[in-house]
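One structure below.
Rule-based calculations on the coordinates, nothing more; no lab input. Note that the structure is a prediction, hence the values are computed from the model and not measured. Positions of Cβ are backbone-derived with ideal geometry, glycine not excepted, and every protein chain shown enters the neighbour counts.
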Amino acid sequence: MKIAEIRQIPANELAERIDAEVAKYNQMCINHSVSPLENPSQIKAARRTIARMKTVLRELELNK
């Protein structure tokens, strides 16, 4: 997900999306430890998407 797409999401929905992405990331890590993922770079991409979302959410909090 690109940063421009994330900035268009309202703050309350962004917080919900972060929770969903974190749950998906944790499940992906568990699945990868049991049997390797076909594309392990998905883990890195998910982690970076979560970081982008948290950054935008923090920017919104500071601008209020």
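Points worth noting:
- All told, Glu16 falls short of being more than 14 Å from the chain's Cα centre (by Cα) and either surrounded by 10 or more Cβ atoms within 10 Å (Cβ to Cβ) or among the basic types (Lys, Arg) (or both).
- Among residues of region 1-20, those that are assigned to a helix (DSSP H, G or I) and in contact with a helix residue (DSSP H, G or I) (Cβ under 8 Å, 6 or more places away or on another chain), counted: 8
- Region 21-43: number of residues that are surrounded by 10 or more Cβ atoms within 10 Å (Cβ to Cβ) and part of a helix (DSSP H, G or I): 13
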